[in-house]
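Readers should treat all values here as calculations from the given coordinates under stated rules, not as data from a laboratory. Worth saying up front: this structure is predicted, and the values here are computed from it rather than measured. Cβ placement follows ideal geometry from the backbone for every residue including glycine, while neighbour counts extend to all protein chains displayed.
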Amino acid sequence: VARHYHENVIDHYENPRNVGSLDKNDPNVGTGLVGAPACGDVMKLQIRVDDDSGQIIDARFKTFGCGSAIASSSLATEWVRGKTMNEVLTIKNTEIAKHLSLPPVKLHCSMLAEDAIKAAVKDYMAKRAKANSLITKPNYKE
Ligand code: FES
């Protein structure tokens, strides 16, 4: 069935890493939820960031989509671990596609993973900014 696919994509499809969810209300968790308009596939990728080191210490995904999207998100959760926000933003979908040897028609599946990482970082940063403004803003309530 899968003879046209590279072993890396089959491996991540058959044995996806880090499937699941983190608490999206946790202040240290960033959630990225993205969809591919072309096919309707949806990917949720979450990161947990360590306050002190600024590194991602946990990552989970749930993907409603094709095998390449599942493999891309599985790989993404492995690649983001141990990295800082700036470092994960350099992860390119082309690297994911290359590692999984995705055919050109499946490039948008890896794009979903890059978008999901970016969305998770954005969510985490927004939470941080909000938390900081709550700390620094004077509280006039009695
Ligand atoms: Fe749309 Fe793979 S076919 S994400």
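Counted by Cβ distance under 12 Å from V42, the other residues give a net charge of 0, where Lys and Arg count +1 and Asp and Glu count -1.
For every helix of n ≥ 4 consecutive DSSP H residues, a contribution of -39,500 (n - 2.57) applies; sum these over the chain, divide by its total residues, and give [θ] at 222 nm rounded to the nearest 500 deg cm²/dmol. Each step should come with its number before you reach the end.
On the way: 5 runs with 64 residues, N = 142.
Taken over the chain, the calculation gives -14000 deg cm²/dmol.
Taking trypsin sites (Lys or Arg not before Pro) across the range 11-74, the ones in a DSSP loop with at most 15 further Cβ atoms lying within 10 angstrom of their Cβ are K24. Neighbour counts of C-beta atoms inside 10 Å place C66, C109 in the sequence C66, C109, starting with the fewest.
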